[in-house]
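Note sheet for the following structure.
The values are calculated or read from the model by the stated rules, or taken from the named source; none is laboratory data. What you see is a predicted model, and the numbers here were worked out from it, not measured in a lab. Neighbour counts are summed over all protein chains in view; Cβ atoms, including those assigned to glycine, are modelled from backbone coordinates with ideal geometry.
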């Protein structure tokens, strides 16, 4: 895989990416569209000023959010004159230091190094990180054949039809602050039992006025929160108007970075959007590389393994790229399975966990955790 040459300054780096016509050829991780209001606003202004193409935008946003975090925005500000308050700069430095310290620090001592620092296979293949990655990928291989993505996995790589794609997206939209199994079942029930499995699922949902849709919160029982119920209708209307009611048009003939951006623009959310794109890659609907979905299981498991306590979502994304730079998404399933089956928030079953030998949490507390399982 080619890597972006170390630039003398940000302008040189951006020009190189523009000339390449595809940021995907340079960066080993999947590109993330910023969702935090301040970051997105500043990046959009900068990119509009530079007339950047979408691939360049996603490359810049990814560098901002993950590699050096907001320190990268500080570089942009210095280069192009878009001002930040002193408080914003201080937060940038704090957040970047926290990410840096997660894997030992010292990687961004110069501006040029902060522009596009890469997580290389050689870095991830060092000692403990290598062993952790190997064990997680081994678990993925052992459990890879299990049913995981309704309406997609049973196709065994064949192209998904409109009905299945829409029901899959509905399940993903519902998979917010409720258990995944419940989200999938509620999606099936709404689409098939309540609405009669229509050819145009989003059209059927959008045909119901919002006031009536909200009145059916208890009747449909889709989500424990009214906000979760409402977002099905809101996102559904957008899919219908922007993608002709066919979820496949969101990801058809575009790289994963663009599919991710489109999902987030629809309001699906950063974490769920990552999950959607990852599921599409898992099931052969699209090709590419991606980041983990840093949900509560993944944040808890990876944090306990590496540091002995849960990590924040941005730290999880960063750390997973250190562990599996070629494709961090490959770690998502094993981390999720460990969290669901062994690494519970309370009373974890450490002795049964397949990665306990490398886990800092187990080293400090695991001897007492569920000792009766031995």
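What the table shows:
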item: Residue satisfying all of: in the range 251-265; more than 15 Å from the chain's Cα centre (by Cα) and surrounded by fewer than 19 Cβ atoms within 10 Å (Cβ to Cβ); nearest to residue 239 (Cα to Cα) among these; result: 252
item: Listing of helices (runs of 4 or more DSSP H) fully contained in the range 255-355 that carry 3 or more residues being under 16 Å from residue 135 (Cβ atoms); result: 296-306, 313-323, 332-341
item: Subset of the range 213-227 (residues that are over 30 Å from the mean Cα position of the chain (by Cα) and over 17 Å from residue 193 (Cβ atoms)); result: 215
item: Residues of the range 121-137 classified as at pLDDT 50 or above and part of a loop (DSSP other than H, G, I, E, B), total; result: 1
item: Any hit, the range 226-242, residues being on the phi > 0 side of the Ramachandran plot, touching a residue at least 40 places away in the same chain (Cβ under 8 Å) and either assigned by TED's automatic domain parsing to the domain that holds residue 162 or not in a helix (DSSP H, G or I) (or both); result: no
item: Residue that is touching a helix residue (DSSP H, G or I) at 6+ places or on another chain (Cβ under 9 Å), at pLDDT below 95 and over 18 Å from residue 174 (Cα atoms), where the choices are 278, 284, 196, 267; result: 284
item: Boolean, residue 164 is free of Cβ contacts under 8 Å to residues at least 24 places away in the same chain, surrounded by fewer than 16 Cβ atoms within 10 Å (Cβ to Cβ) and assigned to a helix (DSSP H, G or I); result: no
